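This report refers to the structure that appears directly beneath it.
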Amino acid sequence: MDKLLEIKDLKVSFFTHAGEVKAVGGISYDIGHGEIMGIVGESGSGKSVEAYTIIGLLQSPGKVVGGEVIFEGENILDYTPEQMEEFRGNKVSMIFQNPMTCLNPVYTIGNQLTEALLCHKKMEKKVAWDKAIEMLELVGINNPDKRMKQYPHELSGGMRQRVMIAMGLICDPMLLIADEPTTALDVTIQAQILELIRKLQKERQMSVIFITHNLGVVAEVCDKVSVMYAGKIVEQGTVDDIFYNPSHPYTLGLMRSMPRVDAKEYERLIPIEGNPVDMLNPPEGCGFGARCEYCMNICLRKEPPTIDLGNGHRSSCWLLASKLAGEANHE
């Protein structure tokens, strides 16, 4: 089986007193064994909601209203709570966004690391303890015997993030979801953490979903990229497709707002004008239309079609559709 995970037309909404917030509006993609998929987009685009849905941690008032999440041929949205508990940790695990708040302050590092092994692998305490020490060594934490007995507040931010990675990998998952794992860290530690994730992924042939808003991270770590905006995937493709042949105005906007080390001369960064979409009252047409410099009348009235550009490169844009139609007519 080539595909480990398939997301098919996934729709997730939050039903609030103010109305329905369509956080994820019908996204689709797949990940093969040993692949790293980058999910890119600004805050509020639905990246983390999608991740929590995959791992079964979507909180009320959030609800899946459509679509499928196929893992090794099974729709995990049909799992019972017991099946989901077995699935989570054993086959898929997650590195959460903020290591400063995700570790329990009243339990030691050793206590939190061995819990997953005792629960999922049914190991004896001594074996689980030794395995946890081994994992801390693997993620580059010095003096692991001492760290096992310490509490989270006694460790630095970088060390806590490494503990979170160790926790995510300790049960040898087939899929790791990393939700902005370097956001709270300084640049030097970020580079070390990225290198570590890449190294462990290669050694274990693990699939990874890497959620970030940092395109530099995507270029360094990922094989494929899905660009999200307003709960939808607006462009999808390989890293080379997205960086060297971007076709959606939002992707182009992200590129222009990012400094380039290969620039031959000084280039002014161009921000994306306007504000993100109000997901309580999403527009009828393209979600990015109101902020797009190429916006046409049809963009505000109808959702754009998804154009297949070949080799898995897809983009949803009326400008691209009209350009391709014009080329076809010209021929």
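Can you work out which of the residues in the range 124-141 that are surrounded by fewer than 17 Cβ atoms within 10 Å (Cβ to Cβ) and over 29 Å from the mean Cα position of the chain (by Cα) is nearest to LEU194 (Cα to Cα)? Of everything passing the filter in the range 124-141, ASP130 is nearest to LEU194 (Cα to Cα). For the range 53-102, the set of residues classified as among the aromatic types (Phe, Trp, Tyr) and not in a helix (DSSP H, G or I) consists of PHE71, TYR79, PHE96, listed by residue number.
When residues in the range 218-227 are screened for being in a strand (DSSP E or B) and surrounded by fewer than 24 Cβ atoms within 10 Å (Cβ to Cβ), 1 of them pass. Determine, yes or no, whether GLU115 is of a type in the set (Asp, Glu), without any contact (Cβ under 8 Å) to a residue 12 or more places away in the chain, surrounded by 14 or more Cβ atoms within 10 Å (Cβ to Cβ) and touching a helix residue (DSSP H, G or I) at 6+ places or on another chain (Cβ under 9 Å). Considered against the rule, which asks whether it is of a type in the set (Asp, Glu), without any contact (Cβ under 8 Å) to a residue 12 or more places away in the chain, surrounded by 14 or more Cβ atoms within 10 Å (Cβ to Cβ) and touching a helix residue (DSSP H, G or I) at 6+ places or on another chain (Cβ under 9 Å), GLU115 comes out as yes. The listed residues are PHE71, PHE96, PHE87, and the only one of them that is under 22 Å from CYS171 (Cα atoms), among the aromatic types (Phe, Trp, Tyr), at pLDDT below 90 and touching a strand residue (DSSP E or B) at 6+ places or on another chain (Cβ under 8 Å) turns out to be PHE96. If you take the residues in the range 292-315 that are closer than 20 Å to VAL24 by Cβ and not hydroxyl-bearing (Ser, Thr, Tyr), which one is surrounded by the fewest Cβ atoms within 10 Å (Cβ to Cβ)? Among those that are closer than 20 Å to VAL24 by Cβ and not hydroxyl-bearing (Ser, Thr, Tyr), it is PRO305.
On inspection, TYR250 does not qualify as modelled with pLDDT under 85, among the aromatic types (Phe, Trp, Tyr) and either assigned to a loop (DSSP other than H, G, I, E, B) or touching a Cys at 6+ places or on another chain (Cβ under 8 Å) (or both).
Scanning the range 280-291 for residues that are of a type in the set (A, V, I, L, M, F, W, C) and surrounded by 17 or more Cβ atoms within 10 Å (Cβ to Cβ) yields CYS286, PHE288.
For the range 147-166, a residue qualifies if it is in contact with a Ser or Thr (Cβ under 8 Å, 6 or more places away or on another chain) and assigned to a helix (DSSP H, G or I), and the qualifying residues are MET148, GLN161.
Can you name every residue in the range 210-241 that is under 22 Å from GLY287 (Cβ atoms), among the small types (Gly, Ala, Ser) and more than 12 Å from the chain's Cα centre (by Cα)? ALA230, GLY231, GLY237 - these are the residues of the range 210-241 that are under 22 Å from GLY287 (Cβ atoms), among the small types (Gly, Ala, Ser) and more than 12 Å from the chain's Cα centre (by Cα).
In this structure, ALA184 does not qualify as modelled with pLDDT under 85, more than 22 Å from LYS91 (Cα to Cα), within 20 Å of the chain's Cα centre (by Cα) and in a helix (DSSP H, G or I).
Among the residues of the range 150-161, those that are surrounded by 20 or more Cβ atoms within 10 Å (Cβ to Cβ) and either under 18 Å from the mean Cα position of the chain (by Cα) or under 12 Å from PRO105 (Cβ atoms) (or both) comprise PRO152, ARG160, GLN161. Looking only at the range 295-331, how many residues end up being in a loop (DSSP other than H, G, I, E, B) and either of a type in the set (S, T, N, Q) or at pLDDT 90 or above (or both)? Counting residues in the range 295-331 that are in a loop (DSSP other than H, G, I, E, B) and either of a type in the set (S, T, N, Q) or at pLDDT 90 or above (or both) gives 10.
Taken as a whole, the range 16-23 holds at least one residue that is assigned to a loop (DSSP other than H, G, I, E, B), touching a residue at least 24 places away in the same chain (Cβ under 8 Å) and surrounded by fewer than 15 Cβ atoms within 10 Å (Cβ to Cβ). A search for C-beta distances below 8 Å between a residue of the range 269-282 that is in a loop (DSSP other than H, G, I, E, B) and any residue that is surrounded by fewer than 10 Cβ atoms within 10 Å (Cβ to Cβ), counting only pairs 6+ apart in sequence or on different chains, returns LEU269/PRO259; PRO276/SER43; LEU280/ALA18. The set of residues in the range 231-247 being in a loop (DSSP other than H, G, I, E, B) and buried (at least 24 other Cβ atoms within 10 Å of the Cβ) consists of GLY231 alone. crowded, with 20+ Cβ neighbours inside 10 Å, modelled with pLDDT under 90, on the phi < 0 side of the Ramachandran plot and out of contact with any Lys or Arg (no Cβ under 9 Å at 6 or more places or on another chain): does that describe ARG147? Answer is no for this residue. Within the range 31-48, being under 16 Å from ASP179 (Cα atoms) and either assigned to a strand (DSSP E or B) or without any contact (Cβ under 8 Å) to a residue 40 or more places away in the chain (or both) holds for ILE36, MET37, GLY38, ILE39, VAL40.
The values are calculated or read from the model by the stated rules, or taken from the named source; none is laboratory data. Being a predicted model, the structure only gives us computed values, none of them experimental. Neighbour counts are summed over all protein chains in view; Cβ atoms, including those assigned to glycine, are modelled from backbone coordinates with ideal geometry.
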